[in-house]
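Here is the structure we will look at, set down as structure tokens.
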Amino acid sequence: ADVEALNRETFAGKADVTKLSYHAYAYVRNDYALLTAGSALGRNCGPLLISARPISPDDVRGGSLRIAIPGVYTTANFLFGLAFPEATNRTPLVFSEIEGALLDGRFDAGVIIHENRFTYQDKGLHRIVDLGEFWEAQTGTPIPLGAIAIRRSLPDDVKQKVNRIVRRSVEYAFAHRAASLPYVRAHAQEMDEAVMYKHIDLYVNDFSVDLGADGTRAVNTMFDKALALNLVPASSAPLFV
């Protein structure tokens, strides 16, 4: 499902194990713990703020522009809010509809994620700001985008087993690169194989196998900053399984 749909299903407690945005996780932290495997983190892979006509960052800060976002609880919207807190006129769309909405003139600017990062220029759209670059300049850490969470009420040995299975799955995918291609092709918005592999190479990396010290620090930095700015609910529950 679209990531914002997964976020909202997690809020409703529908899944025992699910992918969700790191931003959304802040709202279910008391009920779910994060796996250390399966995450999407990285550098130079953040969401982009784009437009159909040239627009400056100062224009965005003015607060009057109509902004399309790929979901209220996505990390993309969280990063946009950090960069442009004045720009509150935001409307959530399914991520794959944002480019078309800009070309139709329904919105002045939009935040794009996933494979649209590789295709927007081909459609004559313009980049305003790389929100990932903004995050990295502010924190020096990789960008935490998506995570795998598991229900806290499950037994600890089950949580650890699921974490190991997800890690082995990612390791297998690295070792057998073509094995997942039919599944990826069936669900990709952009069907060009080169674009699909660019998407995989950007978002699936060593952090997806295990967060490690750098990934853990990046996640902690995100939640520390969000809590300090009162952007998410406070919680003392430990982040990870």
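The values are calculated or read from the model by the stated rules, or taken from the named source; none is laboratory data. In this text, all values refer to a predicted model and were calculated from it rather than measured experimentally. The protein model used for the area step is the full one, side chains on, heavy atoms only, and it has no ligands, DNA or RNA in it. Shrake-Rupley method; radii C 1.70, N 1.55, O 1.52, S 1.80 Å.
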What is the ratio of the Cα radius of gyration of region 1-71 to 2.2 N^0.38 Å, where N is its residue count, to two decimals?
1.44
One point scatterer per Cα, no solvent, Debye formula: log10 I(q)/I(0) for region 84-173 at q = 0.13, 0.16, 0.17, 0.25 Å⁻¹ comes out as -0.70, -0.88, -0.93, -1.29
Which residue fluctuates most in the GNM of the chain (Cα springs below 10 Å): TYR172, TYR183, TYR22?
TYR183
I'd like to check one number: the per residue accessible area of the chain, probe 1.4 Å, reported in Å² as a whole number.
47 Å²
Beyond 14 Å, what share of the Cα-Cα pairs of region 142-187 remains, rounded to the nearest whole percent?
65 percent
Given a 1.4 Å probe and heavy atoms of the protein chains only, how would you sort SER64, SER21, largest accessible area at the top?
SER64, SER21
With every protein chain kept in the model, how would you rank VAL219, VAL17, VAL162 by accessible area, 1.4 Å probe, largest at the top?
VAL17, VAL162, VAL219
Rounded to the nearest Å, what's the spacing between the alpha carbon centres of region 111-158 and region 43-106? Just the number, please.
14 Å
For region 144-230, take N as its residue count and report Rg(C-alpha) divided by 2.2 N^0.38 Å.
1.32
When all C-alpha to C-alpha distances in region 43-106 are sorted into bins of 10 Å, what percent of pairs does each bin hold, rounded to whole numbers?
20, 58, 21, 0
Measure of exposure for LYS14: accessible area at 1.4 Å probe, Å² rounded to 10, is 150 Å²
Taking region 1-68 and dividing mean pair separation by its residue count, relative contact order in percent (alpha carbons under 8 Å, at least six apart):
20 percent
Could you state the principal axis extents of the C-alpha atoms in region 97-241, from the largest down, to the nearest angstrom?
50, 43, 27
Quick check on the chain: helices-only [θ] at 222 nm, where DSSP H runs of length 4 and up contribute -39,500 (n - 2.57) each and the sum goes over total residues. Nearest 500, please.
-12000 deg cm²/dmol
If every alpha-carbon in region 73-114 counts as one equal scatterer, what log10 I(q)/I(0) does Debye give at q = 0.15, 0.17, 0.30, 0.33 1/Å?
-0.35, -0.45, -1.20, -1.29
Given the protein chains as shown and a 1.4 Å probe, how many square angstrom of ASP206 are accessible, to the nearest 10?
120 Å²
Among PHE107, PHE174, PHE207, the residue with the largest mean-square fluctuation in a Gaussian network model of the chain built from Cα contacts under 10 Å is PHE174
Normalised radius of gyration for region 12-136, please: alpha carbon Rg relative to 2.2 N^0.38 Å, two decimal places.
1.09
Per region 183-241, sqrt(5λ) over the Cα gyration tensor eigenvalues, sorted largest first, in Å, gives 32, 15, 11
